[in-house]
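Note sheet for the following structure.
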Amino acid sequence: MAPKEKAEELFNKFRTEILSFLGDKMKDKNAKRCALIAVDEILFILEFNLDFKMKKSIKYWQEVKDEIQNL
């Protein structure tokens, strides 16, 4: 899955779980924050593994994070 698609998938998963009485803008902001927290946790775990395959994963998840920030 492309990083942009993964970013949108994570954003949408969190957005459907968030209840917001402040409107769609606040719901989107909170979904974005939650998705970024999830990706940061994944990156934190991957950084401890120096395997080459993990470096590819780190690059992928960093790209996902960048795409989430662009939403």
inquiry  = Considering only protein heavy atoms and a probe of 1.4 Å, how much of the accessible area of the chain is carbon and sulfur, as a whole percent?
reply    = 58 percent
task = Could you check which residue among 11, 44, 21 shows the biggest mean-square fluctuation in a GNM of the chain with a 10 Å Cα cutoff?
result = 21
key: Relative contact order (percent, whole number), the chain, Cα cutoff 8 Å, 6+ residue spacing   = 44 percent
inquiry  = So with the 1.4 Å probe, I'd like the accessible area per residue for the chain, rounded to whole Å².
reply    = 75 Å²
query = By what distance, in whole Å, do the Cα atoms of the chain stretch along each of the three principal axes, largest value first?
reply = 45, 21, 16
task = Enter the angle in degrees (range 0 to 90, nearest 10) between the Cα long axis of helix 24-46 and the first principal axis of the Cα atoms of the chain, meaning the one along which they spread out most.
result = 20 degrees
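The values are calculated or read from the model by the stated rules, or taken from the named source; none is laboratory data. None of these values were measured; they are calculated from a predicted model. SASA here: full protein model, heavy atoms, side chains in, ligands and nucleic acids out. Shrake-Rupley method; radii C 1.70, N 1.55, O 1.52, S 1.80 Å.
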